[in-house]
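These notes concern the structure reproduced below.
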């Protein structure tokens, strides 16, 4: 009686397979609630010639010039920064980002895949920036350049030629938090402040502003705990268990921060991978908070942690 179920099951899998590939799932990648935010090397290699795809390399320019993923365009992290802002590292103004993306041939219909050589840090910053600009068709190459090379995948050299396009931002203000929002969050139990820096920075032993320490009540998990040495994300169940033990749950609004919003953006991607609906990056981060004379500051390690 059960034999008739087998053909139906096979047919269902066949119908589902194209959708799974579009989402970026492959047999060597652990499943996440939002798997479309990560792609494997195999997935990307099979689509390097696909129209509407743009691969963005965020490594130093000299490394890009030596070798890069075929067809990738080079973006330097400082191109994403507002150099005129008194707080270092703030996201560049929207018109400038629209111009940059258009020059790279990225339109509102382009599928963007970003990678770097620093564990996904700068790729995460770009993905968060794209989400802030209203562009959800963006993903990170899981494991970045290190894993691509280790797997023996193809490489190119020279500047990739692209046809400029037009990108129009549809800003999503709920992807970014301001200092004023963080101040209000200090008294709101529905909000979690999520510190992506090292334990030494959090405790105030490694001081990178006029004052060291952390935002009172913030929970600290070093961004590197979510990935391996190459930058491949840990399995979803492992990350979720770590976060939920600390009270970082999907029913809360999560505001991630670090020194200049880069490591905080990595937390943003990790939480979005796990399906957390309300995640924001405090763009000013400690570069703003730690240099402000009146914003409250706490020092010392998290309870239960040494140092």
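The values are calculated or read from the model by the stated rules, or taken from the named source; none is laboratory data. Computed from a prediction, not measured in an experiment: that's the story for all the values here. Backbone-built Cβ (ideal geometry, glycine too); neighbour counts: all protein chains shown.
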Condition first: without any contact (Cβ under 8 Å) to a residue 40 or more places away in the chain and under 21 Å from the mean Cα position of the chain (by Cα). Can you find one or more residues in region 158-166 that meet it? no
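Taking region 262-307, which residues are within 10 Å of the chain's Cα centre (by Cα) and either farther than 20 Å from residue 81 by Cβ or not assigned by TED's automatic domain parsing to the domain that holds residue 206 (or both)? Write out each step before concluding.
Going residue by residue through region 262-307, those that are within 10 Å of the chain's Cα centre (by Cα) are 262-273.
Matches in region 262-307: 270, 271, 272, 273.
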Does residue 114 satisfy the condition of being assigned by TED's automatic domain parsing to the domain that holds residue 125, surrounded by 11 or more Cβ atoms within 10 Å (Cβ to Cβ) and either modelled with pLDDT of 95 or more or out of contact with any helix residue (DSSP H, G or I) (no Cβ under 9 Å at 6 or more places or on another chain) (or both)? yes
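At least 2 residues that are within 26 Å of residue 265 (Cβ to Cβ) and modelled with pLDDT of 85 or more in each: list the helices (runs of 4 or more DSSP H) lying fully within region 1-70 that qualify. Before the answer, list the steps.
Values: elements: 5-23, 41-45, 61-66.
Qualifying helices (runs of 4 or more DSSP H): 41-45, 61-66.
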Quick one: residue 259 ticks every box in (1) under 12 Å from the mean Cα position of the chain (by Cα); (2) more than 20 Å from residue 114 (Cα to Cα) bar one, so which box is it? (1)
Scan region 223-254 residue by residue and report those that are touching a helix residue (DSSP H, G or I) at 6+ places or on another chain (Cβ under 8 Å), surrounded by fewer than 18 Cβ atoms within 10 Å (Cβ to Cβ), at pLDDT 95 or above and in a loop (DSSP other than H, G, I, E, B). 234, 249
